[in-house]
Each structure stands twice: as C-alpha cells, then as structure tokens.
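Heads up: the structure comes next, in structure tokens.
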Amino acid sequence: MSKTKSVYACQTCGTTANKWAGQCSGCGQWNTLVEEKIVATRSARHQGFAAAKTEVICMTKVDFTEEEIRFSSGLKELDRVLGNGLILGSVILIGGDPGIGKSTILLQALSSLSEQLKVLYVTGEESLQQVTLRAKRLSLPEKNLYLLANTQVEEILKHLQQEKPRVVVIDSIQTMYTEALQSAPGSVGQVRESAAQLVSYAKQTNTALFLVGHVTKEGTLAGPRILEHMVDTVLYFEGEQDSRYRMIRAMKNRFGAVNELGIFAMTDKGLREVNHPSALFLSRHEQPVSGSIIMASKEGSRPMLTEVQALVDQSHGSNPRRLCVGLDTQRLAMLLAVLHRHGGVPTYEHDVFVNIVGGMRVLETGTDLAVVLAIMSSLHNRPLPTDLIVFGELGLSGEIRPVQGGQERLREAAKHGFKKALVPTANAPKKEFEGITIQAVQSLQEAINYFRDTV
C-alpha cells in the first residue's frame, strides 16, 4: 500500500524541507518553497541510470564499435556540438528562449535520422496537427516520422516499450508528469522524477533521448540543477530574436568538447548550416574606424574571427559606466585597471563600452589584448590597421600570456586575408608564417608601444 508524504520543495534549486519557510536554505531565494505530495511507490527511477546488467566486467571485454553507436544527425553543425555525431544511449538536454528554434532543429534532425533509425517525436506542448504542419512548412519527409502527443511519463514509457524507437524527442520535459507525485507538471519534483524515469529507460535500452528544457528569465535552465547532472550533454540555444543567426553551445558533453559552437541561419525552410562562420562577424569597413579590431578567438575546437568594438567617451556623471555586450563586465573592469597600472593609460574619467559584433558571446580570456587595443584606439581616435589580427591573455602584472591553439588561429586569419598579427611571444611560430607578418609581445607595455609606432 502506498503512503503519501508532504514536503516543501524550492522551485529554484530543488532543496526540500519538512516544513515551510520564507527563505530557501539552499539558494537563499525568498518565497520559493511549495508544498508537494509524494506517493512512496517503487518506480523505474530506483533501478539507476545505467544498464540493468550488474556483473563486473573488464573494459577490454566490452564489445562495441564506435561506428555502430554514433550516427550523423544530418546537420554538421549539430554533429560538431554533440561530439562528431549522435551516440545511441546518450541523453541530451537542449534549452533556449521561446521561439529560438529548439523544436525546429530537432524535427529536422529526426527527419534525417529517420532514414536509418526508427524515431519518435513526443510532444506535450503542441497537437499532432501543429507538428505535422511545421514539417510540411519545412518540406521534411514525413513517411518515417512518428508522433505521440502525451504528457504522462508512464504512458509514454509503455509506447516506447511497444514501438522501440532508437531516437526519441521529449518536447518538453517541463510538461511531463508522473503518477508517483501529486504536484503540478513543471514543478521541481515532477521535472526531476519524470527525467529520472526517461533517462533510466534510455540507458537500459540504448536509446538516444533529446529533452527540450525551458529557461528562466535569467537565461538558465528551469527546474532542479540535478537535471543537468543526470544527462550526458547540455546544449544552449543562443541568438538574438531580431537576428537570423542561431548558435548552439555545448555547456556539458561526455562525448565531446565543452564550449563547442554550432552556427545556423534561420530561414523559411528551417535552420541552415553556416559554412564560414568567421565571415559573419567581420564588418569589413571601407575606411579604417577607430575602436574596431579583429580578434581570433576559439570556440571549442573551432577558431573564430570576431570583431571587437570599443567606444570611450567623456563621462558626465560621478560614476563612469562600464558596459559589455558579449563579454564579462567584471573582466572589463580588471583590464581597465591593468591598463592604468601597467600601461599608464587612465580611463577613470571616461565611459567605456565594449561590444562583440553580431551578437557573439565570447567566454575565453584570449580576447584581452584585442579589448585593450580597441579601447586605446577609441580613446586616442586612431584607427587600427584593417588587416591586423590580435589575440592574447593579459595578466594582472601586465604580462601577455599565451592562449591555446595559436597556430589554428593564425591559419584561420591567413585564410581570410589578414597580413599582420600581434600575438603573445609563446604563441609566435618558430618559422615564418606564410602570408602573415607576426609581431610577438610579452608585456602590455610592448603592446602599447606597438600601437603607438604602428597607428
């Protein structure tokens, strides 16, 4: 006989308590504890996420070949983010803003995978007619695309056991609910328990599972944090609503590189891959513009050329503004302090604005040198050469530190016709680099001297 128990769960972090409190002891948020009734029944989640076999076996006796378990989704950019293809038995959580294209790209991927595997699209937000209408609009083949409209996890698992698809999409996990709990769909408990049962099925049957997740107003995935630990891969769909370009970034990946980036263009026929993404973020001004510089960053295993723009203006308030778009604001404040202390260039009376062109968001530290030179260019109103490429990390003591993948960055710059490069000394090639004149610097003062002598 089942027993019912009431707990109070935080809707932000998932922390549970036996009694209600105004503030969550886990995350410190106020008024987030909601009562949830739990029915103490044994479900599939108690069987664990791994396969049902429990005997100990040597790794050398595990029988599989990577070619048999890894398949192409039909979208090269998505394959890149997933780690060179989709692995059967993996669970992928993909999140993003409403209308960004999550359902579209998964429907396109299923359509391509349906040619070699049995697939199933489970929708909890749309009707079967709406999903079919989208497939027709995207001109996708419908013959092998199977659909299911249901939100009860136990019923969905019954259909999965009968149909035995190899690839499944759950759209979305926030709409699913399990009979083991009496709370409403989308609550922390329902999301956690529903995902646990679906992940357990995927691991035991070697089924690839896509979970679509909602995001909060802060841009993080809604639901308990444990949801990201349960899955193998976490993908974030990024992009401005007024831009036609979309970016998928891997924040966690057990089968590939983290921070790998895939770039798509939204069209009337769905998402299309961008073959030369570096060209998207280069303005190519007809005349040199002060405050603009091209940097070579690296997203996962891919080198990317992006344009950094800086605007330094006289401040008319008591507190000068520091604003970043695409970069960390705290890092900008640190770079300005280093520029003043070790470069002798004060900016405490100026507003400083830095922007990455094209809506790109750069996470690595190899952009420091480019940001500093863009600020100096705007401050002195002296344009930098349009054929100059820059990368390097700036330390607190004023040293220019090397970055990863220097040779790949230089090759990408040479491919796009850049003739000059300002790089850290440790990243300078030992031999002459074909097509590019390289200037190596090891301190901020050397970079400032290069700026004053060249510009």
What's the extension gain from residue 430 to residue 218 if we count 0.36 nm per residue and subtract their Cα-Cα distance? 71.7 nm
Given a Förster radius of 41 Å and the C-beta distance between residue 20 and residue 158 as r, what FRET efficiency does 1/(1 + (r/R0)^6) yield to the nearest 0.05? 0.70
Please determine, in degrees from 0 to 90 and to the nearest 10, the orientation of helix 368-380 with respect to the longest principal axis defined by the Cα atoms of the chain, where the helix direction is its Cα long axis. 50 degrees
GluC sites (Glu not before Pro) restricted to DSSP loop in the stretch 348-400 with at most 12 other C-beta within 10 Å: 349
Helix 128-137 axis, angle to the chain major axis (alpha carbon atoms, nearest 10°): 40 degrees
For the chain, what is one quarter of the convex hull surface built on the Cα atoms, given in nm²? 27.5 nm²
So, in nm, how far is label residue 315 from label residue 118 when the simple model puts each one 7 Å beyond its Cα toward the Cβ? 6.6 nm
How much FRET efficiency would the formula 1/(1 + (r/R0)^6) give for residue 361 and residue 452, where r is the Cβ-Cβ distance and R0 is 51 Å, rounded to 0.05? 0.95
For the stretch 342-403: rounded, prolate or oblate by the Cα gyration tensor [a/c cutoff 1.5]: rounded
With label points built 7 Å along Cα→Cβ from the Cα atoms of residue 265 and residue 415, find their separation and express it in nm. 1.7 nm
What span do the alpha-carbon atoms of the stretch 313-455 cover on each of the three principal axes, reported in whole Å from largest to smallest? 51, 31, 25
Within the accessible area of the stretch 144-278, what % is carbon and sulfur when the probe is 1.4 Å and the other protein chains stay in place? 49 percent
Between the helical axis of 188-205 and the dominant principal axis of the chain, each derived from Cα atoms, what acute angle in degrees is found, rounded to the nearest 10? 80 degrees
Report the extension gain between residue 408 and residue 57 in nm, rounded to one decimal, defined as 0.36 nm multiplied by the number of residues separating them, less their alpha carbon distance. 122.3 nm
Full extension between residue 382 and residue 128 adds, at 0.36 nm per residue less the Cα distance, a length in nm of 85.5 nm
Of the options 312, 34, 18, report the single residue whose Cα projects farthest towards the positive end of the charge dipole of the chain (beta-carbon charges: Lys, Arg +1; Asp, Glu -1). 18
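The values are calculated or read from the model by the stated rules, or taken from the named source; none is laboratory data. Everything numeric in this text was worked out from a predicted model, so none of it was measured. Positions of Cβ are backbone-derived with ideal geometry, glycine not excepted, and every protein chain shown enters the neighbour counts. Side chains included, ligands, DNA and RNA excluded: accessible areas come from the protein's heavy atoms. Shrake-Rupley method; radii C 1.70, N 1.55, O 1.52, S 1.80 Å.
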